[in-house]
C-alpha cells in the first residue's frame with residue numbers, strides 16, 4: 001500500500017541545485033524546557049515554494065520547532081534565518097510568517113469575514129482593499145456564502161478552511177501549518193489534502209506542515225523531515241524516505257516493514273551478501289554498503305516488494321527466497337495482507353494486489369508458500 | 001418510593017431553611033404594628049415612612065456609591081492580577097503567589113478591617129493622606145478584599161481560554177496590548193461582568209470592614225441597620241430589606257433570562273452548522 005506523491009516532480013528540485021539559497025535556514029537549533037530537551041541540535045534548509053513536512057510522533061519536537069519559526073518560543077541555542085534575516089529577537093507580529101493552528105484558533109466573537117480581515121486590519125490596509133482581498137480569499141476556500149456566520153455556526157471542515165483563509169490573506173511568504181487536517185474525518189481529510197496542495201501551488205507560498213500522519217506527509221509534501229526525540233532522523237523526498245530509509249526508526253515509522261537480522265559475508269563494490277538466520281536464506285542486495293564484512297546488520301524489506309508463490313520460483317539460487325506457511329490473510333478489497341510464518345519462526349508480512357476475485361485466489365490459509373524478492377528490494381541498515 | 005420520600009423531604013427542608021427567614025421578613029414589612037415581632041394587620045405605611053427617612057436613604061445611596069466605585073476599581077485591578085497569574089508562566093514561588101491572592105477570601109473581616117485602619121492612620125501621619133476616614137477609605141478597603149474575588153474569577157476564565165487565540169492574533173500582526181483589548185477582553189467580558197456584580201454585592205453586604213475604616217458622616221446602609229438594632233429594629237428596616245431583595249431578585253432574573261436565551265441561540269446555531277455543513 002505504498003502511497004504515491006500527488007505532486008509532479010519538477011526537473012531540478014531546489015535542494016539539489018547548489019545555486020539556490022534556502023528560504024528558511026535552521027542552524028543547530030536546540031530548545032530545552034528545564035531538563036527536557038524538546039529539540040536537539042536541529043539543522044534544516046527549506047527552499048522557496050516547498051511543501052515541507054515535519055513528521056513525527058507526539059513528543060518528537062516537531063511542534064516546538066514550528067513554534068520557534070513562528071516566534072512563540074525562543075531557541076535555547078542556535079539560529080533561525082527566514083529569507084536571510086536572523087529571527088532572533090523578532091516578535092511573532094513582525095515576522096513574515098503566518099501560522100494555521102491545530103485548534104484553528106478562530107476568534108469566537110467575530111464573523112468569518114472579520115476573522116479573515118483581522119490580519120489585514122493590523123497592517124492598516126485600506127477598507128476597500130480589505131473587502132476585496134477577504135472576498136477573494138473566501139471564494140478561494142469556497143466559503144463566500146458563509147461570510148456573515150460566527151465560527152460556532154460552522155462545521156469542522158468549514159472552520160478549517162476559514163483558518164486557512166485567515167492565515168493566507170496576508171500573502172505570507174511562509175505558512176506554518178500545525179496538524180492542519182488532524183480534526184477532520186478520513187474522507188474530508190483526503191479531499192482537503194488535494195485542496196491544500198492546489199492552493200499551495202496556485203499561490204506559490206512555502207508551506208511547512210507538522211503532522212503525525214505519515215500518509216498525509218507522503219501525499220502532500222515535496223520533502224519530509226522525520227523527527228524522533230527532538231532529533232531529525234532523516235530528511236528526503238517521500239520516495240527517498242520510503243524506499244531508502246537510513247535507520248530502523250524511519251523504516252518502521254513510515255509504512256510497514258519486515259526486518260531480517262543478518263551478518264555480512266560478502267562485501268563487493270556491486271553487491272553484498274548477508275547470511276540471515278532470521279530469514280533462513282542468504283539475502284542478496286545489488287549495491288555496495290558502507291559496512292565491513294562480518295558486521296551484524298538489519299535488512300528491511302517492504303511487504304509489497306515480496307512475491308508469494310506456491311511453486312518454487314524458477315532460476316532461484318537460494319538467495320532472497322524464504323519458505324513458510326500462510327497464517328493469516330486480511331482482505332482489504334484492493335490488496336490483501338498475508339502473514340506468513342517462516343520455518344525459522346519469524347512472521348513476515350506480505351501485501352499483494354487482488355488481481356483476481358477473492359474466491360479464485362490461489363493462496364489460502366495453511367498453504368506452504370515461497371517468498372521471493374528482487375535484489376534491489378532490501379535496504380541494509382546498520383545497528 | 002421511600003427514597004423519593006426522603007429526597008423530597010430533604011429538598012423542602014433545605015429550601016425552607018434558606019427562604020423562611022426572608023419570607024418572614026417580607027411579610028413583617030407589611031405589618032401595621034410598631035413592634036417588629038407582633039402582627040398588627042396589613043399596612044404599607046412603613047414604605048411611605050421610609051421615603052421620608054433621610055438618614056436611611058442617604059446611607060443607602062452611599063452604599064450604592066461605594067459598591068459601584070470599589071467594584072469598578074476591583075475589576076480593573078483583579079483583571080490585571082488574574083491575567084498575570086494565568087499568563088506569566090512558571091516561576092519559582094508561583095504556587096505561593098497564587099495562594100496569596102486568594103488569602104483575603106478566607107481572612108477574617110475583623111483582621112482585614114483592623115489592618116486597613118492601621119494602614120490609613122499610619123499613612124495620614126506620614127503623608128497626610130487619606131485626610132480622615134470616609135468614603136475614600138471605605139472604597140479602598142472594599143476594593144482590597146473584593147479584588148481577590150475578581151482575580152480568582154478572571155484567572156479561572158483565562159486558564160480555560162485557548163491560548164492559541166491570543167497567539168493567532170499576534171501571529172496576524174497584533175501587538176500584545178492590542179491582542180488584549182481586541183481578543184482577550186471581549187472573550188472574557190462575561191467573566192468581568194460577573195466579577196463586577198460579585199464585587200458590588202460583597203461591598204453592599206459588608207458591615208465589619210466598613211465599621212473599621214468609616215468616619216463621621218460616612219455611614220453605609222449595613223452599618224445603619226446594624227446600629228439601629230441596638231434600639232430595636234424599626235419595621236422600616238424590614239421595608240428597606242424587602243425592597244433590596246426585590247431589586248436583587250429582579251436583577252438575577254433578568255440576567256438568567258439573558259444567559260438562557262444566549263445558550264439556546266448557541267445550541268440552534270450549532271445544530272444549523274451540523275445540518276447545513
Scan of the stretch A:148-197 for residues that are at positive phi and surrounded by 19 or more Cβ atoms within 10 Å (Cβ to Cβ), ordered by number: A:179
Of the residues in the stretch A:221-235 that are in contact with a strand residue (DSSP E or B) (Cβ under 6 Å, 6 or more places away or on another chain) and not in a strand (DSSP E or B), the one that is surrounded by the most Cβ atoms within 10 Å (Cβ to Cβ) is A:221
Report yes if some residue within the stretch B:188-197 is surrounded by 14 or more Cβ atoms within 10 Å (Cβ to Cβ), touching a residue at least 40 places away in the same chain (Cβ under 8 Å) and within 30 Å of residue B:131 (Cβ to Cβ); otherwise report no. yes
When both residues are 6+ apart or on different chains and their Cβ atoms are under 6 Å apart, which pairs have a first residue that lies in the stretch A:353-376 and is on the phi > 0 side of the Ramachandran plot, and a second that is exposed (fewer than 10 other Cβ atoms within 10 Å of the Cβ) and in a strand (DSSP E or B)? none
Collect the residues in the stretch B:168-178 that are surrounded by fewer than 20 Cβ atoms within 10 Å (Cβ to Cβ) and outside any loop (DSSP other than H, G, I, E, B), keeping them in residue-number order. B:176, B:177, B:178
For residue A:314, indicate whether it is in the same structural domain as residue A:277 (by TED's automatic domain parsing), surrounded by 11 or more Cβ atoms within 10 Å (Cβ to Cβ) and over 14 Å from residue A:368 (Cβ atoms). no
Would it be correct to say that residue A:377 is under 21 Å from residue A:254 (Cβ atoms) and in a loop (DSSP other than H, G, I, E, B)? yes
Quick check on the stretch A:180-196. Is at least one of its residues at pLDDT 90 or above and in a strand (DSSP E or B)? no
Lone qualifier among A:65, A:55, A:44 - being buried (at least 22 other Cβ atoms within 10 Å of the Cβ), away from chain B (no Cβ under 14 Å) and touching a helix residue (DSSP H, G or I) at 6+ places or on another chain (Cβ under 9 Å): A:55
Of everything in the stretch A:120-161, what is farther than 24 Å from residue A:188 by Cβ and facing another protein chain (nearest Cβ under 9 Å)? Give them in sequence order. A:120, A:121, A:122, A:123
Per the list (1) buried (at least 21 other Cβ atoms within 10 Å of the Cβ); (2) more than 14 Å from chain A (Cβ to nearest Cβ), residue check on residue B:207 breaks on (1)
In the stretch A:87-102, how many residues are touching a residue at least 24 places away in the same chain (Cβ under 8 Å) and either farther than 30 Å from residue A:25 by Cα or touching a strand residue (DSSP E or B) at 6+ places or on another chain (Cβ under 9 Å) (or both)? 8
Residues being more than 16 Å from residue B:62 (Cα to Cα), outside any helix (DSSP H, G or I) and touching a helix residue (DSSP H, G or I) at 6+ places or on another chain (Cβ under 7 Å): count how many of those fall in the stretch B:211-261. 1
Among the residues of the stretch B:103-139, write down those that are in contact (Cβ under 8 Å) with a residue 60 or more places away in the chain, surrounded by 13 or more Cβ atoms within 10 Å (Cβ to Cβ) and assigned to a helix (DSSP H, G or I). B:109, B:112, B:113, B:114, B:116, B:117, B:120, B:135, B:137, B:138, B:139
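The values are calculated or read from the model by the stated rules, or taken from the named source; none is laboratory data. Just so it is clear, the structure is predicted and the values come from calculations on it, not from any experiment. Neighbour counts run over all protein chains shown; Cβ positions are idealised from the backbone, glycine included.
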